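Remarks on the structure that follows.
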Amino acid sequence: AQTVTQSQPEMSVQEAETVTLSCTYDTSENNYYLFWYKQPPSRQMILVIRQEAYKQQNATENRFSVNFQKAAKSFSLKISDSQLGDTAMYFCAFMKRTDNAGKSTFGDGTTLTVKP
Amino acid sequence: NAGVTQTPKFRILKIGQSMTLQCTQDMNHNYMYWYRQDPGMGLKLIYYSVGAGITDKGEVPNGYNVSRSTTEDFPLRLELAAPSQTSVYFCASEIGGTSGGYTFGSGTRLTVV
């Protein structure tokens with residue numbers, strides 16, 4: 001079974017600064033996908049960024065980028081130019097496809113507060 | 001497009017009662033999932049479906065049942081509610097095989113007293 005660990009329960013950052021959220025995972029699989037989801041106080045889960053394990057190039061989406069280290073089983077999220085709207089809980093998730101279904105294992109989340 | 005719609009948004013149940021959490025998606029996604037989120041924790045998979053008529057258990061299926069009679073609908077049934085089922089329930093869907101990530105519903109907060 002896969003496990004996903006987010007070692008930072010809470011973090012804070014000043015507006016306009018950069019913050020990095022950590023995620024490590026444990027798996028014996030070679031083909032899988034990794035995701036970061038954002039959950040603001042509204043409770044809605046929103047996909048932030050995805051990474052395919054077979055791609056060495058780190059994914060980027062505007063102010064969000066990842067540092068994917070496959071050998072170290074590490075998948076950190078960097079948020080640049082932090083905005084007040086980035087305040088949310090962030091979940092790291094590991095997905096493998098089994099019988100075509102994309103079943104995910106989630107970490108316990110990191111609560112990020114962006115301070116004005 | 002409405003995306004993934006969950007009803008109700010909130011519900012309080014008494015121990016031993018039953019209820020159905022509704023989930024509907026209008027994106028023609030084959031794959032649908034039910035997760036629960038306990039306070040301060042990540043999401044855990046309850047059941048999933050890869051298409052109409054096909055369902056299977058996830059990590060925490062005990063106390064729940066599902067059906068998938070159409071592509072659009074994937075209801076979750078709670079029989080004999082217990083306090084341990086107090087949680088936030090999320091329905092999610094994805095286009096088959098792309099692993100592009102889930103589209104989530106807005107969740108149902110269920111309290112069993």
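Mind scanning A:K73/A:K115; A:K115/B:K9; B:K9/B:K57; B:K9/B:K44; A:K55/A:K96 and naming the pairs with a C-alpha gap bigger than 26 Å?
In this structure, A:K73/A:K115; A:K115/B:K9 lie more than 26 Å apart at Cα.
Which value, to two decimals, describes the C-alpha radius of gyration of chain B once divided by 2.2 N^0.38 Å?
For chain B, the normalised Cα radius of gyration comes out at 1.00.
Using a Gaussian network model of chain B in which every pair of alpha carbons under 10 angstrom is joined by a spring, one finds that among B:K57, B:K44, B:K14 the greatest mean-square fluctuation is at B:K14.
Size of segment A:1-41: Rg and Dmax of its alpha carbons, in Å, are 13.4, 39.
For B:L80, A:L77, the sequence from fewest to most other C-beta atoms within 10 Å is B:L80, A:L77. An ellipsoid equivalent to the protein assembly as shown, defined through the eigenvalues of its Cα gyration tensor, has semi-axes of 29, 21, 16 Å when rounded to whole angstrom and sorted largest first.
Across B:G16, B:G51, B:G40, mean-square fluctuation computed from a Gaussian network of chain B (C-alpha pairs under 10 Å connected) peaks at B:G40. Value of Rg to Rh for segment A:23-109, rounded to two decimals, is 0.96; Kirkwood radius and Rg both from alpha-carbon coordinates. Compare A:S28, A:S80, A:S12 in a GNM of chain A, Cα atoms joined below 10 Å, and give the one with the largest fluctuation. Per the Cα network of chain A with a 10 Å cutoff, A:S28 tops the list.
Values in this text are rule-based calculations from the coordinates and carry no lab data. What you see is a predicted model, and the numbers here were worked out from it, not measured in a lab. Please note: Cβ atoms are built from the backbone with ideal geometry, for glycine as well, and neighbour counts cover all protein chains shown.
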